[in-house]
Amino acid sequence: MKKIIAYPFILLVRFYQVAISPFTPSTCRYSPTCSHYAIEALQKHGFFLGSWLALKRIFKCHPWGGSGYDPVP
């Protein structure tokens, strides 16, 4: 059930990856990228926890934030 709820949001992230991301500079400081992290978090943890993890990651991704390998817990 939680995967069914998360699926439309996964599609939104995939739309971003295909339609918007190619036209913006690559600035993600983490591996995997924030969009891949969001998809994996939504698939693994469902909508509520996956969205929370993705938002935390996006807010950490700035010049004074961390960098490096940061997998989905």
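The values are calculated or read from the model by the stated rules, or taken from the named source; none is laboratory data. Note that the coordinates shown come from a computational prediction; the quantities given were computed from them, not determined experimentally. In this analysis, Cβ positions are derived from the backbone assuming ideal geometry, glycine residues included, and neighbour counts consider all displayed protein chains. Surface areas here come from the heavy atoms of the whole protein model, side chains and all, with no ligands, DNA or RNA. Shrake-Rupley method; radii C 1.70, N 1.55, O 1.52, S 1.80 Å.
The table that follows gives values for the structure above.
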read-out: In segment 13-66, residue farthest from the chain's Cα centre (by Cα) [restricted to those that are hydroxyl-bearing (Ser, Thr, Tyr) and open to solvent by less than 80 Å² (accessible area, probe 1.4 Å)]; value: THR24
read-out: Cross-chain or 6+ apart pairs with Cβ under 7 Å, segment 25-42 first and within 17 Å of TRP64 (Cα to Cα), then at pLDDT 95 or above and open to solvent by 60 Å² or more (accessible area, probe 1.4 Å); value: none
read-out: Pairs where the first residue, in segment 57-70, is farther than 9 Å from ARG29 by Cα and of a type outside the set (D, E, K, R) and the second is part of a helix (DSSP H, G or I) and open to solvent by less than 90 Å² (accessible area, probe 1.4 Å), C-beta under 7 Å, 6+ apart; value: ILE58/CYS34
